[in-house]
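The values are calculated or read from the model by the stated rules, or taken from the named source; none is laboratory data. Just so you know, these numbers come straight off a predicted model, no measurement behind them. Positions of Cβ are generated from backbone atoms using ideal geometry, with glycine treated the same way; all protein chains shown enter the neighbour counts.
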Amino acid sequence: MRVCVVGTRGFPGVQGGVETHCERLYPRLARLGCEVTVFRRTPYVAPVRGRRWRGVELRDIWCPGLPYLEPAVHTLMGVLAAARRRADILHVHCGGPALWVPLARLLGLKVVFTTHGPDYERAKWGPLARLMLRLGELAGVRCAHRTIAIADHIRRLILSRYGVEAELIPNGVELPRGPVADDGLQRWGVERGKYVLALGRFEPGKGFRDLLDAFAGLGADFKLVIAGGADHPTRYSRSLQESASKTEGVVLTGVVKGEALRQLYAHSGLFVLPSHQEGLPLALLEALSHGCSVLVSDIPANRSVPLPPDRFFPPRDVPALRAGIDRWLGRGISDAERVENLQMLRERFDWDRAALRTLGVYREVLGEGPAV
């Protein structure tokens, strides 16, 4: 089964939830027998020797480094390339790239569309971009052969808005094997258990401004580590970096992946996710897999992960966020809660199961049998 993938910036080691989703999913589909080709965007990726990574073919396509043109141009070229390759399945991720799903259908491609959430609700987009993202979601849901939703609140949104029943296939998480070293922490000037960790892109919807304001009022003997950055420098990202540089105890690491990120997770005193809008937050799943004590905003995406009620705080509520950090820095996490979290992750968020169910959707689209 020849599968072509568009809508992701690429992988390995590229910042973003969609990118991590694809990095985990497609090698597993390759092991299940699919011939997977992922079209990557040249501004984000380093060349891979042999153009294969863990059984996945990586094809790099040029696109302009502009946030509005980049996904549109890249996806168009990817759709045309998939048609030339006579792909059995074209898998499109996200609403913006889904604008080209009708063209893919006209070219005779079988299309699966995965929605990672209503991107048009993100604060970073202007009116025109939000309109295009809405139209992309509409095109993807109406014109793809099947739609996949990564969380139940997204599945319900698609059903209520379009009357289409999407296949629910949640994100997964890879559980750590054995203890995690701490020799890399000195690079950031932090100590085990003595820092709060946050992770994500520098954009308004991630709530990092709220986090900085909350941390600045604590006066705690802890540091705040924010791992991530901006894909394209903006007024907001520059302002955030400037504010962080003026706040005592804040460490900006830039984008962190691999072993360095595992160490930051494993030895944090508290992981905070202050987002205003998410799809299904992989960063939260990864934090829980490392046994982190967590504090997250009370939004539908975060509620997709079953946590005790006092692990949530009202989004945008800086005093509540500050109080929550102060409370959980002192408490940490019990062994019992850590064990419960790991069991929950095994039962609900498993990449191998996600790959099997995605393969089932492909087979159903090709008339080879029902979805798993």
* Could you please let me know if Arg146 is among the charged types (D, E, K, R) and at pLDDT 90 or above? => yes
* Here are Arg346, Arg353: which of them is under 26 Å from Arg303 (Cβ atoms), of a type in the set (D, E, K, R), in contact (Cβ under 8 Å) with a residue 24 or more places away in the chain and buried (at least 16 other Cβ atoms within 10 Å of the Cβ)? -> Arg353
* To do: Return only the number of the condition from (1) in the same structural domain as Gln263 (by TED's automatic domain parsing); (2) in contact with a helix residue (DSSP H, G or I) (Cβ under 8 Å, 6 or more places away or on another chain); (3) farther than 21 Å from Val18 by Cα that Gly200 does not satisfy.
  => (3)
* Filtering segment 216-242 down to residues that are more than 30 Å from Pro71 (Cα to Cα), touching a helix residue (DSSP H, G or I) at 6+ places or on another chain (Cβ under 7 Å) and at pLDDT below 95, which residue is surrounded by the most Cβ atoms within 10 Å (Cβ to Cβ)? -> Phe222
* **Where Ile154 falls short, out of the listed (1) more than 20 Å from Pro274 (Cα to Cα); (2) out of contact with any Cys (no Cβ under 9 Å at 6 or more places or on another chain); (3) in a helix (DSSP H, G or I)** => (1)
* Structure fact -> Exactly one of Leu273, Leu252, Leu261 is among the aliphatic types (A, V, I, L, M) and either over 18 Å from Gly229 (Cα atoms) or buried (at least 22 other Cβ atoms within 10 Å of the Cβ) (or both), and that one is Leu273
* **Arg363, sole failed condition from (1) under 30 Å from Val111 (Cβ atoms); (2) touching a Ser or Thr at 6+ places or on another chain (Cβ under 6 Å)** => (2)
* Close pairs (8 angstrom Cβ cut-off, 6 or more residues apart or separate chains): part of a helix (DSSP H, G or I) in segment 252-270, of a type in the set (Phe, Trp, Tyr) anywhere -> Leu264/Trp188; Tyr265/Phe271
* Report yes if some residue within segment 93-114 is closer than 22 Å to Leu359 by Cα and touching an Asp or Glu at 6+ places or on another chain (Cβ under 6 Å); otherwise report no. => yes
* Would you check if there is a residue in segment 184-192 being of a type in the set (A, V, I, L, M), in a helix (DSSP H, G or I) and more than 30 Å from Gly219 (Cα to Cα)? => no
* Of the residues Pro71, Pro67, Pro97, Pro102, which single one is in contact with a strand residue (DSSP E or B) (Cβ under 6 Å, 6 or more places away or on another chain) and in contact (Cβ under 8 Å) with a residue 40 or more places away in the chain? -> Pro97
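Which strands (runs of 3 or more DSSP E) sit wholly inside segment 1-110 and have at least 1 residues that are farther than 18 Å from Asp231 by Cβ and among the acidic types (Asp, Glu)?
By residue number, 35-41, 56-61.
Let's see how each residue does on (1) modelled with pLDDT under 95; (2) in the same structural domain as Arg122 (by TED's automatic domain parsing); (3) among the acidic types (Asp, Glu):
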position	(1), (2), (3)
Glu286	no, no, yes
His290	no, no, no
Ser297	no, no, no
Leu307	no, no, no
Pro315	no, no, no
Ala320	no, no, no
Gly330	yes, no, no
Val339	no, no, no
Arg357	no, yes, no
* **Residues that are in a loop (DSSP other than H, G, I, E, B) and loosely packed, with under 13 Cβ neighbours inside 10 Å, drawn from segment 159-173** => Gly163, Glu165
